[in-house]
Amino acid sequence: MKVSTVLPLFVSLIVFSACSSDADEEFEVLLPDETQENSENQNDPDALVGDFTAADYALLSASLSLDENLEDYTVELPNFFFDNQLQNEDNTPNTNPVTDMGATLGRVLFYDRRLSANNTISCASCHIQENGFSDPDQFSLGFEGGLTGRNSMGLANARFYENGRFFWDERAASLEEQVLLPIQDEVEMGLTLAEMEEKLQAEDYYQVLFRLTFGDETVTSNRVSLALAQFVRAMVSYQSKYDLGRAQVNDEEANFPNFTASENLGKNLFFSNRTRCSDCHHTNSFVGDAARNNGLDAAFIDLGVGGVTGNNNQVGEFKVNSLRNIALTAPYMHDGRFETLEEVIAHYNNGVQNSPTLDNRLRINNGNVRRLNLTQVEIQGLVDFLETLTDETFVNDEKFADPFIN
Ligand code: HEC
Ligand code: HEC
């Protein structure tokens with residue numbers, strides 16, 4: 001290595017270490033020094049191959065198919081999409097902004113079956129890209145063949161949920177907390193955090209990826225959590241048919257020029273006071289502002305948020321996660337009870353069950369359940385509208401796909 005290339009790298013390392021009192025709490029990126037030239041000497045291990053040194057890239061490429069240049073996980077979202085309302089829902093903490101390097105490490109972790117006790121299950125086993133990062137099975141298979149207690153959740157736009165809580169019953173207070181729980185779950189992946197750290201530390205590609213992301217090779221569960229959360233937050237869907245139409249009009253209530261008559265009918269119903277769908281599934285991410293009871297049952301076996309907090313007023317309340325890519329994430333609801341969107345609409349049309357915690361949006365003034373009395377054409381319109389939230393770019397995007405060679 002030439003002296004001129006060593007010096008700036010050395011200086012920048014000092015600056016980085018000087019300003020981070022606790023390297024594990026704050027997130028920082030250490031990439032190869034930009035001033036280093038792409039060397040003509042192919043055998044120089046310090047020469048740059050895209051964003052990596054030749055030595056690092058060769059080592060990574062033995063296990064992973066990563067582009068020479070880091071994928072862009074920090075795309076600027078269009079103005080119509082990332083409006084004030086949606087910005088209020090953003091749960092990205094200041095201590096863990098999405099970075100290209102951190103999300104790349106997160107992607108590798110997300111697809112790595114070593115995160116389960118017997119190397120059979122990765123996060124992606126239950127969060128499948130072509131299914132909007134959910135699971136087409138009602139309950140998901142864990143590492144020893146056991147089943148999860150609830151339906152897997154689609155992960156698109158998980159970044160946007162105002163109270164920042166995760167899981168159907170909102171038991172995780174943040175995404176950083178959530179991502180470590182499946183690893184330790186006895187049905188899902190079955191590792192202790194200490195076992196996970198030891199396993200990952202032994203892999204040479206993690207030694208490279210942790211060094212490039214955090215400055216040294218040490219694998220800690222806190223670093224795993226930061227990187228996985230970055231990858232999940234990078235999964236923003238904003239290029240569906242809905243978005244193409246929304247970009248062409250001033251507000252969502254205008255007819256979209258690219259929509260069929262049925263899609264526009266469904267959209268206008270979705271945003272109407274008659275259905276009030278958008279009062280609970282709001283913003284361009286179609287998420288709730290908090291958990292609610294949407295009347296699936298009159299008495300609850302799964303108590304939802306109330307089961308976690310012990311508060312009777314929250315029994316039967318479940319997270320209102322994003323409807324993005326909803327046509328791909330069947331079956332529906334926390335227990336996967338509905339197989340089709342038609343069944344979901346039929347529920348809201350005339351199946352809502354009354355109970356003390358039923359949300360007021362689903363009642364009329366005297367407290368009784370509101371019936372929508374939708375016609376067959378209107379039901380079809382709502383289904384057609386929900387299908388416009390499918391984002392083919394997102395579900396086919398390489399940067400969210402499996403990076404492992406085997
Ligand atoms: C065995 C299947 C399985 C595995 C493996 C799995 N998940 Fe999940 N995931 C689920 C299920 C089921 C839920 C809903 C559970 C609940 O709410 O009780 C869920 C919920 C989530 C949520 C909550 C989404 C929201 O909007 O609240 C996130 C985020 C998530 N998983 C990420 C991950 C990550 C990251 C991994 C890997 C470390 C992972 N999952 C591994 C099945 C799985
Ligand atoms: C009172 C608030 C509220 C209203 C109004 C409402 N929803 Fe929901 N919605 C929810 C909640 C809460 C869930 C999750 C419930 C569960 O899984 O237990 C949900 C779930 C869904 C799901 C399934 C999501 C998934 O990932 O499985 C769809 C689809 C849906 N709603 C569409 C609609 C449509 C269409 C309307 C209007 C006809 C509507 N919702 C009105 C609160 C509401």
- 222 nm [θ] for the chain, helices only, -39500 (n - 2.57) per DSSP H run of 4+, per residue, to 500? -9000 deg cm²/dmol
- Message: To test your reading of the geometry: what angle, between 0 and 90 degrees and rounded to tens, separates the Cα axis of helix 204-214 from the longest principal axis of the chain?
- Response: 80 degrees
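Compute the projected area of the convex hull of the Cα atoms of the chain, averaged over all viewing directions, and report it in nm² to one decimal place. It would help to have the intermediate numbers written out before the result.
Values: hull surface 87.5 nm².
Result: a mean projected hull area of 21.9 nm².
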- To the nearest 10 degrees, how steep is helix 100-110 against the longest Cα principal axis of the chain, on a 0 to 90 scale? 70 degrees
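So, in the chain, how many Lys pairs have Cα atoms under 27 Å apart, if the pair is 8 or more places apart or on different chains?
So the count works out to 5.
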- Message: Between segment 181-246 and segment 331-353, what is the separation of their alpha carbon centroids in Å?
- Response: 33 Å
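Placing +1 at every Lys and Arg Cβ and -1 at every Asp and Glu Cβ, with all other atoms neutral, what dipole size does the chain have around its Cα centre, in debye to the nearest 20? Intermediate values should be presented prior to the final figure.
On the way: 26 positive and 65 negative charges, 375 e Å.
The dipole of the chain has a size of about 1800 debye.
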- Item | Estimated vicinal HN-Hα couplings, Hz - segment 390-406 in sequence order (Karplus 6.51, -1.76, 1.60; Gly, Pro = x) | 6, 10, 5, 4, 5, 6, 10, 5, 3, 5, 9, 8, 4, x, 6, 6, 9
- Show me 70-76, 289-295 ranked by packing, highest mean number of other Cβ atoms within 10 Å first. 289-295, 70-76
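Throughout, read-outs are computed from the coordinates displayed, never taken from laboratory work. In this text, all values refer to a predicted model and were calculated from it rather than measured experimentally. FYI the Cβ positions are ideal-geometry reconstructions off the backbone, even for glycines, and counts take in every protein chain you see.
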